[in-house]
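Here the structure comes first, spelled out in structure tokens, and everything after it is commentary.
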Amino acid sequence: MREYVVFDPVQGWVQRFVLVDGAYGGPGEILDPQESLELGFMPGESLPLWEVFGLEKQPG
């Protein structure tokens, strides 16, 4: 698996881990619910996290 994603609906964040040189290094990328998650397995596609968490998109 080249990457995996952990969703925390209680705290409202997403953490992505990417396989590099055979290991998942570091703490992973943390995204907040106002960001979009780029889908590594579907280039050019993204998942709007505010919709996943049932929130309105904030301007900015």
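The values are calculated or read from the model by the stated rules, or taken from the named source; none is laboratory data. These figures come from a predicted structure and were not determined experimentally. No Cβ is skipped: glycine too gets one built from the backbone with ideal geometry, and neighbour counts run over all protein chains shown.
Just to be sure, is Phe17 surrounded by 11 or more Cβ atoms within 10 Å (Cβ to Cβ) and either of a type in the set (Phe, Trp, Tyr) or touching a helix residue (DSSP H, G or I) at 6+ places or on another chain (Cβ under 8 Å) (or both)? Yes, satisfied. Might you let me know whether segment 1-12 holds any residue that is without any contact (Cβ under 8 Å) to a residue 24 or more places away in the chain and surrounded by 15 or more Cβ atoms within 10 Å (Cβ to Cβ)? No - not one qualifying residue is present in segment 1-12. Here Pro43, Pro27, Pro33, Pro59 are screened, and the one residue that is at negative phi, under 10 Å from the mean Cα position of the chain (by Cα), assigned to a loop (DSSP other than H, G, I, E, B) and of a type outside the set (Gly, Ala, Ser) is Pro33. The residues listed here are Leu39, Leu47, Leu55, Leu31; of these, the one that is at pLDDT below 90 and surrounded by 13 or more Cβ atoms within 10 Å (Cβ to Cβ) is Leu39.
On inspection, Val10 qualifies as farther than 22 Å from Pro59 by Cα and out of contact with any Cys (no Cβ under 6 Å at 6 or more places or on another chain).
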